[in-house]
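Reading through the structure tokens given below for one structure.
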Amino acid sequence: MHELIKLLAEVRPLRDPVLLASFAGRGGSSATAAVQYLVDHWHALPVAEIDEQESFDFTVRRPHVRIEHGERMLTWPSNKIYVASPTILGTPRSSARDFILLPGMEPHLRWQSFCDAVTDLAKALGFTSAVVLGSRAGSVPHTRPVPFRLTTTDPEFTRLFDQQEPTVPNYEGPTGLQTVIALHLQAAGLRVASLSAMTPFYLSLDPNPQAISAIAQAIDGAFGTATGLEDLDAQLSEVDTAAEEALQESPQLRAAVASMEQQIDWTRGAQPKPGAEPAATELPAGSEVVAELEQFLREQRGGGTSSSS
């Protein structure tokens with residue numbers, strides 16, 4: 001086992017396990033929160049962790065102090081690995097395969113060693129496929145289902161996520177751990193897919209409960225698992241209420257959301273509602289809408305008010 005891996009428990013033989021991993025970093029924490037949600041609701045058990053002393057700069061990501069039973073306790077940044085056997089949708093039976101869950105934090109140090117450690121873990125636990133989850137803000141409206149971007153060269157993942165068309169990115173430049181570890185695992189011979197959820201850039205929510213819910217549903221749809229989402233209902237309702245209040249206060253935001261709704265509906269082939277007027281002719285160009293909205297948000301922040309919370 002790699003030197004960075006610390007075993008926490010003996011692992012029983014696993015059934016065709018798949019890794020679900022995400023790493024909170026500069027791109028936000030919604031996907032990591034989604035994997036943590038699966039950890040909690042699938043009753044996953046911790047089996048290993050990656051040495052935090054070798055992974056983090058604690059002047060950048062500091063430990064947290066909390067009060068527990070009257071005592072002050074420290075929580076250090078960590079990357080724990082869990083094993084779960086969730087139930088199958090519509091049945092009390094467990095899934096035919098096991099899941100390895102890594103709701104991680106992007107390390108500051110030794111990225112290559114970190115990736116080597118995860119690869120060694122793959123050999124030790126016997127998983128040959130992985131889905132690396134991510135999330136990012138984009139020009140999408142909160143009133144539509146969360147869109148995803150699937151990146152893979154494996155047709156099996158295209159089948160599993162049958163609502164997603166795989167993409168082959170042509171981006172060149174600095175990148176995050178989601179890409180680095182996906183390429184590292186793929187080079188080691190594993191079947192790998194990257195699945196990223198896009199959330200509205202005008203909602204300053206991190207993590208975003210809409211993304212958490214959408215990612216959990218995407219995993220359920222792909223692997224036939226059953227994840228209860230009731231614990232997110234109150235948060236989702238608060239998002240809708242806050243967003244609608246912001247829409248009422250800002251003509252710029254209403255125009256931007258309407259424009260984004262049209263764009264995503266056109267992309268998905270949706271037809272306009274009967275009797276609905278074509279708003280496209282009444283809206284400014286997309287770049288103009290976004291520029292006006294960004295200016296509006298800057299003004300709101302400068303005045304101490306946020307329309308997106």
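The values are calculated or read from the model by the stated rules, or taken from the named source; none is laboratory data. In this text, all values refer to a predicted model and were calculated from it rather than measured experimentally. Ideal geometry is used to build each Cβ from the backbone, glycine not excepted, and the neighbour counts take in all protein chains shown. Please note that ligands, DNA and RNA were not included when accessible areas were found on the heavy atoms of the full protein model with its side chains. Shrake-Rupley method; radii C 1.70, N 1.55, O 1.52, S 1.80 Å.
Listed values, structure above:
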{"read-out": "Condition broken by residue 11, with the remaining ones in (1) among the hydrophobic types (A, V, I, L, M, F, W, C); (2) in a helix (DSSP H, G or I); (3) open to solvent by 40 Å² or more (accessible area, probe 1.4 Å) satisfied", "value": "(2)"}
{"read-out": "Search result, residues across the stretch 96-126 that are touching an Asp or Glu at 6+ places or on another chain (Cβ under 7 Å), closer than 24 Å to residue 39 by Cβ and open to solvent by 50 Å² or more (accessible area, probe 1.4 Å)", "value": "108"}
{"read-out": "Filter result (in contact with a Leu (Cβ under 8 Å, 6 or more places away or on another chain) and not charged (D, E, K, R)) within the stretch 52-79", "value": "55, 56, 63, 64, 65, 79"}
{"read-out": "Considering residues of the stretch 71-117 that are among the hydroxyl-bearing types (Ser, Thr, Tyr) and not in a strand (DSSP E or B) only, the residue modelled with the lowest pLDDT", "value": "91"}
{"read-out": "Within the stretch 150-165, considering residues that are surrounded by 19 or more Cβ atoms within 10 Å (Cβ to Cβ) and either polar (S, T, N, Q) or free of Cβ contacts under 8 Å to residues at least 24 places away in the same chain (or both), the one farthest from residue 102 (Cα to Cα)", "value": "164"}
{"read-out": "Condition check for residue 2: over 22 Å from residue 219 (Cβ atoms) and either open to solvent by 20 Å² or more (accessible area, probe 1.4 Å) or of a type in the set (S, T, N, Q) (or both)", "value": "yes"}
{"read-out": "Residue within the stretch 62-82 that is closer than 27 Å to residue 96 by Cα, among the basic types (Lys, Arg) and open to solvent by less than 80 Å² (accessible area, probe 1.4 Å) present", "value": "yes"}
{"read-out": "Residue in the stretch 207-219 that is in a loop (DSSP other than H, G, I, E, B) and in contact with a helix residue (DSSP H, G or I) (Cβ under 6 Å, 6 or more places away or on another chain) present", "value": "yes"}
{"read-out": "All positions within the stretch 21-61 that are part of a loop (DSSP other than H, G, I, E, B), in contact (Cβ under 8 Å) with a residue 12 or more places away in the chain, surrounded by fewer than 21 Cβ atoms within 10 Å (Cβ to Cβ) and not small (Gly, Ala, Ser)", "value": "26, 43, 51, 57, 58, 60, 61"}
{"read-out": "Residue check, residue 118 more than 22 Å from residue 196 (Cβ to Cβ) and among the β-branched types (Val, Ile, Thr)", "value": "no"}
{"read-out": "Tally of residues being under 23 Å from residue 213 (Cα atoms), touching a helix residue (DSSP H, G or I) at 6+ places or on another chain (Cβ under 7 Å) and not aliphatic (A, V, I, L, M) across the stretch 228-261", "value": "2"}
{"read-out": "Odd one out for residue 84 among (1) closer than 24 Å to residue 206 by Cα; (2) without any contact (Cβ under 8 Å) to a residue 60 or more places away in the chain; (3) hydrophobic (A, V, I, L, M, F, W, C)", "value": "(1)"}
{"read-out": "Single match in 202, 171 (criterion: aromatic (Phe, Trp, Tyr) and either free of Cβ contacts under 8 Å to residues at least 60 places away in the same chain or surrounded by fewer than 16 Cβ atoms within 10 Å (Cβ to Cβ) (or both))", "value": "171"}
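Residues are listed down the side, and each one gets a yes or a no for (1) out of contact with any Pro (no Cβ under 7 Å at 6 or more places or on another chain); (2) open to solvent by 30 Å² or more (accessible area, probe 1.4 Å):
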residue: 128; (1), (2): yes, yes
residue: 141; (1), (2): no, no
residue: 145; (1), (2): yes, yes
residue: 148; (1), (2): yes, yes
residue: 180; (1), (2): yes, yes
residue: 186; (1), (2): yes, yes
residue: 194; (1), (2): yes, no
